[in-house]
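The values are calculated or read from the model by the stated rules, or taken from the named source; none is laboratory data. Being a predicted model, the structure only gives us computed values, none of them experimental. Cβ atoms come from the backbone with ideal geometry, glycine included; neighbour counts cover every protein chain shown. Only protein heavy atoms, including side chains, enter the accessible area calculation; ligands, DNA and RNA are left aside. Shrake-Rupley method; radii C 1.70, N 1.55, O 1.52, S 1.80 Å.
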Amino acid sequence: MMIATFTTDKLPTIAWFVYLLSAILFIQGLRYMNSPKTARKGNFVSIAGMIIASVMAIIDSSAAGFHSGIALGMLIAGVVLGAIIGVVSAKKVHMTAMPQLVSLFNTVGGGAAALVAINDALSPAHGGIDIGHSVPGLISAALGIIIGAITFSGSLVAAGKLQGIVSGSAIKIPGKLVIDLISLAGVIFFSFMLVTGQGFGYPMWVAVVLIAVFGLILGLTFALPIGGADMPVVISVLNACTGTAVAMAGFVINNLVMIVAGALVGAAGAILSLLMAKAMNRSLLSVLGGGFGNSDTDSTSAGETGDSAPLRETSADDLAVQLAYANSVIIVPGYGLAVAGAQHEIADLTKLLEEKGVDVKFAIHPVAGRMPGHMNVLLAEANIPYEKLLDMDDVNPLFQTADVALVVGANDVTNPAARRQGTPISGMPILDVDKAKSAVVVKRGRGKGYAGIENELYSLPNTSMLYGDAKKAIADVIVAVKEL
């Protein structure tokens, strides 16, 4: 009996130190994710931290006592169901659909944080130090509801745009400014009601529900007007919002690990959003204010090549000769490679060329694909060594001495139009593919990139086009190289 009493009395202290350990593991895991070489280790470290925190939370809740067996059953069912959905979705979702999955996870995270804040704001005050029902706690609860609701609806829209369920174009909302002002006023007014306890004759749950409703509306009006090309940045911003909402919920329930984890996610998401916007040479506000293709620039005067521009085509056999007898080859992967699932063919081609004494490197643009690190993960899946994956700043000086630059499914990130003023991508840092002795572009057709303009690289005299599905095209090149 004395042991049980000792354990119960000391449990809050034990829980605090366990949560601190989890927080340290989260920080270390994020640190490992700074490099592709240690990113996998970072995932495992972070997973360990989450498991420890979750087990401690269940033990802590069990010691406090559940109101009913139903509550315990719902907790266990939720943990099991969530784990199953997470594992199955992560295994089945194709790499090209990973941004949609991340956006859906943002939806769940934001919604969960909002529900935690709603529950604590409406639950009766309990004994002891009740942070949740103090003024700072209620302010945190209101912010958690607002940010969580915005993240929930905004992330759903982002996932829908990327999946094609919602139109990927910028959707104009009639009276958007009026709707935003009314929603913002509603959020402020009902948050004031919640924090001050002034129901003005209405039950307090009315204020909580209306805060959530107006937050959901703000999330919709935020995400719908942004074009699908900018959705990865939006997802990153909403990811930061998810973290902030979780941190607010942590303040409400006085949970250290939620505060730290939420702050880490919020800070990382904000930094990532700024870096992605910088990689496109745009301010974050301009990205969130509208997507590519909305410029009033006259594309003809801006130097667009037009559909009639002559392009020089090549064949798999000719490309094989170029590659096999080159000294240096730089491969530029893009979203088209991911769609075709040609990463293993690229790995086989790389191995084959290296056996012939060719130096092969990969040029990785920070916004190639649909999320940062997309190409790194995709190529790592095919066991291409990390040291061959060079960032834009490191690889650009090498193009001038490269015999062949092989572009597979990349578009805007190789467009020389970015170096001139007056184009939708003016000033965007690009890979200097046009400076290679020869450039070969593998793509399905003459379709434009996200920017909505022709790629001037394609019409240069040192560029040739190999049309077709990247997977089949590279496989044909491999066969041709082997026959040389």
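Structure notes:
- Residues that are modelled with pLDDT under 90 and either of a type in the set (Gly, Ala, Ser) or more than 29 Å from the chain's Cα centre (by Cα) (or both) were ranked within the range 421-441; the one that is surrounded by the fewest Cβ atoms within 10 Å (Cβ to Cβ) is Gln421.
- The range 173-201 - residue that is at pLDDT below 85 and touching a helix residue (DSSP H, G or I) at 6+ places or on another chain (Cβ under 8 Å) and, of those, farthest from Gly137 (Cα to Cα): Phe200
- Complete set of residues in the range 233-284 that are modelled with pLDDT under 80 and not in a helix (DSSP H, G or I): Asn254, Met280, Asn281, Arg282, Ser283
- Of all the residues in the range 366-384, those that are within 21 Å of Leu238 (Cβ to Cβ) and either touching a residue at least 60 places away in the same chain (Cβ under 8 Å) or in a helix (DSSP H, G or I) (or both) number 8.
Condition check ((1) touching a strand residue (DSSP E or B) at 6+ places or on another chain (Cβ under 7 Å); (2) surrounded by 13 or more Cβ atoms within 10 Å (Cβ to Cβ); (3) modelled with pLDDT under 85) across all residues:
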residue	(1), (2), (3)
Gly128	no, no, yes
Gly132	no, yes, yes
Gly144	no, yes, no
Phe152	no, yes, no
Ile165	no, no, no
Ile171	no, yes, yes
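- Pair list, Cβ under 6 Å, 6 or more apart: the range 465-484 residue closer than 21 Å to Leu378 by Cβ and of a type in the set (Lys, Arg), other residue open to solvent by less than 40 Å² (accessible area, probe 1.4 Å) and not in a loop (DSSP other than H, G, I, E, B): Lys471/Ala340; Lys471/Glu345
- Residue match in the range 414-426 (condition: in contact with a helix residue (DSSP H, G or I) (Cβ under 8 Å, 6 or more places away or on another chain), part of a strand (DSSP E or B), in contact (Cβ under 8 Å) with a residue 24 or more places away in the chain and not hydroxyl-bearing (Ser, Thr, Tyr)): no
- Qualifying residue in the range 327-337 (condition: open to solvent by 10 Å² or more (accessible area, probe 1.4 Å), under 24 Å from Lys278 (Cβ atoms) and among the polar types (S, T, N, Q)): no
- Test: Arg444 is out of contact with any Gly (no Cβ under 6 Å at 6 or more places or on another chain), closer than 25 Å to Pro232 by Cα, surrounded by fewer than 21 Cβ atoms within 10 Å (Cβ to Cβ) and free of Cβ contacts under 8 Å to residues at least 60 places away in the same chain: no
- Residue in the range 393-408 that is closer than 28 Å to Gln163 by Cβ and either modelled with pLDDT of 85 or more or outside any loop (DSSP other than H, G, I, E, B) (or both) present: yes
- Taken over the range 340-365, residues that are surrounded by fewer than 18 Cβ atoms within 10 Å (Cβ to Cβ), assigned to a loop (DSSP other than H, G, I, E, B) and not basic (Lys, Arg) amount to 2.
- Of all residues in the range 11-23, none are within 24 Å of the chain's Cα centre (by Cα), at pLDDT 90 or above and open to solvent by 60 Å² or more (accessible area, probe 1.4 Å).
- Among (1) crowded, with 22+ Cβ neighbours inside 10 Å; (2) in contact with a Lys or Arg (Cβ under 6 Å, 6 or more places away or on another chain) - the single one Val246 does not satisfy: (2)
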